[in-house]
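Comments concern the structure below.
The values are calculated or read from the model by the stated rules, or taken from the named source; none is laboratory data. Source: prediction; values computed, not measured. With ideal geometry, Cβ positions are generated from the backbone for all residues, glycine too; neighbour counts draw on all protein chains shown.
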Amino acid sequence: MENQQKSTEKVLLKGLTLSELINYFTSIGEKRFRGEQVFQWMYNRLADDISEMNNIPKPLRNKLLEETSITALEYSEHQTSESGGTIKYAFKTADNYIIESVLIPEVKRTTLCVSTQVGCPLDCQFCATGLMGYQKNLNPGEIFDQYRLAKKLSGEEITNIVFMGMGEPLINYNNTFNALKIFSEQLTQGISQRKITVSTSGIAPKIYELADSELKVKIALSLHSCFEEVRSKIMPINQKYSLRENLNAVKYYAQKTGTRITFEYVMLKGVNDRDVDIKELAKIARDIPSKINLIPFNSLKHMQPSGFAAELEPTPKARINEFADKLRERNISVFLRETQGGDIAAACGQLAVKRQ
Ligand code: SF4
C-alpha cells in the first residue's frame, strides 16, 4: 500500500486505488466490498467527510473517522479572470504547502489543469513554476482532491483534465500513475481516458512505461524546438533525455495506444519562430500522428529571471498567425492556444506560488 500516508496521525485513504482500498479493508477484518463502497464515496460522490458514507455501518464509520482521513487538500482562495471565466484555485496540503489548479470553461468543454508537484525541479526557461524551484511531490490524493474541490466549488461539469499545472508529472511517476488509475476506474465514472492528457517535458523512459501500462490517456510533449541545441537552452532536461529519444518514445506511445500526440510549442521571438523551424516542425508532425498547439509566451520579466530566461520575448501575434498558416499549408494540424487567464497569472507557464 505504497501511497497510504499518515495525515495528522491518521491514515489518508484519499489517493488509494481500488485494489489498495480493498486490501486496506480486508487487512482490518472487513469485507472487500467496503473498499468499493469507500472508493465510490471518495471518487464518484466526492464526499468531503467520512460521516456522509451512510451505507457504511455506524461502528465502522466511527472507526474510520477515528483512524483515517479522506481530506488531502483544503480550499485556500481563488481568482476569476475577467477575460473568460478562467478560475485559478489555490489549495492547501495537510503539510501547509499551497498549490494551484486552473479551471477553464469553454463553449463545449470545461478543462481542469492539475498540478503534480509543489514547484518543479526542471528549469524550463519560459516557466514561472520552474523559477520557483522544487518543494515536494504531490501524492495521488492531493492530485485527485484538486478535481473534487474545483468541481464542487465551481459547480461546473469538468469534461477534460490536463496534467499540465505545476510540476513534471512523469518524474512523480508512481503518484501520477495512481491518480490516473483512480480517474480511469469504472467506479469513478468520471472522465474517459481519452479526455485526460498528461503533459511532459520529455522523460522518455517513463513515456515508454506509460505506453506499456494498461492506461490509454493522451500525451502532450513540450517540444518548443526541433533542434537539440536550441531545445537544450530552452529546456535543460533535453541534455538528459534528448529530443530524438523523446520523439522515438512518443511515436511508440502513439502506435501502442492508438492516440494522437499533442506537441506543445511556446512561441519565442527569434528562438523557435523562424522559417527553418516551420520546416522541421512539419517533418516531425508528418512522422508522428499528432497535432501542434502554438502557445503565446507569457513574459516572466516581473519575476526578474536571469540567463537565457531573461532574453526571452514573445513572438508577435501576426508572426504566430503566419507560422500557423505556413504549417497548415503543409497539411499539419495546428491550433492556436488562446491565452486564458493571463490577468490572474493562470495561463500556461505562469503558475507559481511564493516559497513557503
Ligand atoms: S514547464 Fe513544466 S516541467 Fe518545465 S519547469 Fe515548468 S512545470 Fe516544470
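Points to keep in mind about this one:
- Residue selected from the stretch 84-113 under the condition over 22 Å from ASN174 (Cβ atoms) and of a type in the set (A, V, I, L, M, F, W, C), by the criterion farthest from the ligand (Cβ to nearest atom): VAL107
Rundown of residues vs (1) buried (at least 20 other Cβ atoms within 10 Å of the Cβ); (2) at pLDDT below 95; (3) more than 23 Å from the chain's Cα centre (by Cα); (4) in a loop (DSSP other than H, G, I, E, B), yes/no style:
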| position | (1), (2), (3), (4) |
| --- | --- |
| ASN3 | no, yes, no, yes |
| PHE25 | yes, no, yes, no |
| GLY29 | no, no, yes, yes |
| PHE33 | no, no, yes, no |
| GLN37 | no, no, yes, no |
| ASN62 | no, no, yes, no |
| PHE91 | yes, no, no, no |
| SER101 | yes, no, no, no |
| LEU112 | yes, no, no, no |
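- The listed residue being away from the ligand (no atom under 16 Å from the Cβ), within 21 Å of PHE263 (Cβ to Cβ) and in contact with a Ser or Thr (Cβ under 8 Å, 6 or more places away or on another chain), out of ILE182, ILE158, ILE191, ILE196: ILE196
- Yes/no for ASP325 being in the same structural domain as ALA128 (by TED's automatic domain parsing), surrounded by 14 or more Cβ atoms within 10 Å (Cβ to Cβ) and either at negative phi or assigned to a helix (DSSP H, G or I) (or both): no
- Number of residues in the stretch 267-276 that are out of contact with any Leu (no Cβ under 8 Å at 6 or more places or on another chain) and either part of a helix (DSSP H, G or I) or in contact (Cβ under 8 Å) with a residue 60 or more places away in the chain (or both) equals 2.
- The set of residues in the stretch 233-245 that are more than 13 Å from the ligand (Cβ to nearest atom) and out of contact with any Cys (no Cβ under 9 Å at 6 or more places or on another chain) comprises LYS233, GLN239, SER242, ARG244, GLU245.
- Residue in the stretch 73-87 that is in contact with a His (Cβ under 8 Å, 6 or more places away or on another chain) and not aromatic (Phe, Trp, Tyr) present: yes
- First in the stretch 121-142 and more than 12 Å from LEU300 (Cβ to Cβ), second anywhere and more than 6 Å from the ligand (Cβ to nearest atom) and among the acidic types (Asp, Glu), Cβ under 8 Å, 6 or more apart: LYS136/ASP95
- All conditions but one from (1) more than 15 Å from the ligand (Cβ to nearest atom); (2) not in a helix (DSSP H, G or I) apply to LYS279; the one that does not is (2).
- Restricting LEU351, LEU294 to those that are under 26 Å from THR80 (Cα atoms), modelled with pLDDT under 80 and under 19 Å from the mean Cα position of the chain (by Cα) reduces the list to LEU351.
- Just one of the listed residues (LEU180, LEU210) is in contact (Cβ under 8 Å) with a residue 12 or more places away in the chain, over 14 Å from the mean Cα position of the chain (by Cα) and closer than 25 Å to CYS127 by Cβ, and it is LEU210.
- Residues in the stretch 114-147 that are part of a helix (DSSP H, G or I), surrounded by 22 or more Cβ atoms within 10 Å (Cβ to Cβ) and more than 8 Å from the ligand (Cβ to nearest atom): 8 in all.
- Checking each residue in the stretch 154-177 for being free of Cβ contacts under 8 Å to residues at least 24 places away in the same chain and closer than 14 Å to VAL114 by Cα picks out no residue at all.
- Cβ pairs under 6 Å, 6+ apart, first in the stretch 231-243 and over 22 Å from LYS283 (Cα atoms), second within 12 Å of the ligand (Cβ to nearest atom): PRO236/ASP123; ILE237/LEU122; ILE237/SER201
- The residue that is farthest from the ligand (Cβ to nearest atom), counting only those in the stretch 161-176 that are surrounded by 21 or more Cβ atoms within 10 Å (Cβ to Cβ) and under 16 Å from TYR253 (Cβ atoms), is THR176.
- Checking each residue in the stretch 69-78 for being surrounded by 16 or more Cβ atoms within 10 Å (Cβ to Cβ) and either under 19 Å from the mean Cα position of the chain (by Cα) or not in a loop (DSSP other than H, G, I, E, B) (or both) picks out SER69, ALA72, LEU73, HIS78.
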